[in-house]
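The values are calculated or read from the model by the stated rules, or taken from the named source; none is laboratory data. What you are looking at is a predicted structure, and each value in this text was computed from that prediction instead of being measured. Methodologically, a virtual Cβ is constructed for each residue, glycine included, from the backbone with ideal geometry; neighbour enumeration extends over all protein chains shown.
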Ligand code: TLP
């Protein structure tokens with residue numbers, strides 16, 4: 001049997017492009033803790049410019065970018081209001097409590113967007129009994145909502161409300177470029193309402209390592225200090241920033257291909273008895289729910305794995321498939337064909 005391996009676990013599995021590898025080899029570098037790495041500085045300035053903010057900070061991961069933002073925006077003991085399925089609350093190992101000392105106020109939402117009404121209800125008065133509310137976070141695109149793009153009018157309304165309530169605002173924009181491509185809007189427009197935005201270079205944009213955090217110059221100075229506390233001050237990081245620059249400026253152009261493949265994959269899987277595809281596929285994620293008798297997400301992941309197709313379960317009944325730079329049309333056709341056979345044989 002041929003050795004098939006189609007990796008749909010995440011867009012984090014993408015490998016650097018040939019142009020990135022060349023740029024990494026040739027990057028001009030310096031010690032970035034002294035602010036002397038010209039390539040890192042160029043990446044930070046470019047990110048700030050593309051996202052319409054004053055300044056930027058290169059960090060080693062999305063998790064570090066979000067945590068540095070939490071540390072820079074808040075004091076320990078304050079409250080952060082965020083979606084119950086957001087990455088910061090669900091997947092960041094509790095860093096907000098363990099390291100930033102924050103009290104999370106998770107809000108259940110339908111597709112990741114907390115409404116202005118929900119926010120007003122959640123924010124309590126400044127009373128001696130309550131932790132002071134300090135920060136409001138959103139995520140766009142929303143990972144656990146299947147790569148859903150937040151409606152920009154709702155984002156603007158709720159962020160405006162957060163501001164009226166005296167909260168700072170942060171956007172986990174790990175996949176903000178996917179949202180911008182879907183909405184055919186400049187990324188700066190989607191970033192505009194927020195005080196700070198984190199964007200990942202190492203997901204669909206295919207850089208090997210890194211994320212950028214952007215905001216006001218004053219906020220970035222605080223975040224730079226937070227990054228140092230977290231051990232994230234890097235030295236000749238220009239070798240990584242060189243790949244990041246290509247990710248930021250060249251790679252968004254092709255994200256539409258990933259979205260088209262995800263839609264085609266969803267259509268194919270939707271027609272297979274025993275599987276259901278959750279919601280409308282807007283960007284590069286497909287959430288498949290297993291409805292077949294005797295099946296659950298773990299069994300589906302295992303069956304796919306035996307056929308050389310790698311996926312991740314995200315709940316007892318749901319599996320996530322993510323398209324990215326290394327997934328071709330042939331891969332999509334193959335996954336659909338293999339799955340049809342697999343589910344038919346299982347009966
Ligand atoms: N998400 C990963 C896993 O951690 C679940 C993935 O495979 O999707 N924000 C969002 C919205 C994310 O999806 C991720 C990564 C992060 C932040 C964290 O980025 P990294 O992995 O660079 O720390």
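Couple of notes before you dig in:
- Residue within region 193-211 that is touching a residue at least 12 places away in the same chain (Cβ under 8 Å), more than 15 Å from the ligand (Cβ to nearest atom) and not assigned by TED's automatic domain parsing to the domain that holds residue 330 present: yes
- Residue count, region 313-347 (criterion: in contact with a helix residue (DSSP H, G or I) (Cβ under 9 Å, 6 or more places away or on another chain) and within 30 Å of residue 18 (Cα to Cα)): 14
- Going through (1) over 15 Å from the mean Cα position of the chain (by Cα); (2) farther than 25 Å from residue 68 by Cβ; (3) in a helix (DSSP H, G or I) one by one, residue 181 falls short only on (1).
- Selection status of residue 85, within 11 Å of the ligand (Cβ to nearest atom) and surrounded by fewer than 21 Cβ atoms within 10 Å (Cβ to Cβ): yes
- Any strands (runs of 3 or more DSSP E) falling wholly within region 232-347 and containing at least 1 residues that are within 16 Å of the ligand (Cβ to nearest atom) and modelled with pLDDT of 95 or more: 285-290, 318-322
- Under the condition of being free of Cβ contacts under 8 Å to residues at least 60 places away in the same chain, in contact with a helix residue (DSSP H, G or I) (Cβ under 7 Å, 6 or more places away or on another chain) and over 26 Å from residue 11 (Cβ atoms), the residues counted in region 127-160 number 3.
- Subset tally (residues that are assigned to a strand (DSSP E or B) and either without any contact (Cβ under 8 Å) to a residue 12 or more places away in the chain or within 14 Å of the ligand (Cβ to nearest atom) (or both)) for region 63-82: 1
- Only residues that are farther than 20 Å from residue 32 by Cα and part of a helix (DSSP H, G or I) were counted in region 50-62, giving 1.
- All conditions but one from (1) within 13 Å of the ligand (Cβ to nearest atom); (2) within 30 Å of residue 102 (Cα to Cα) apply to residue 13; the one that does not is (2).
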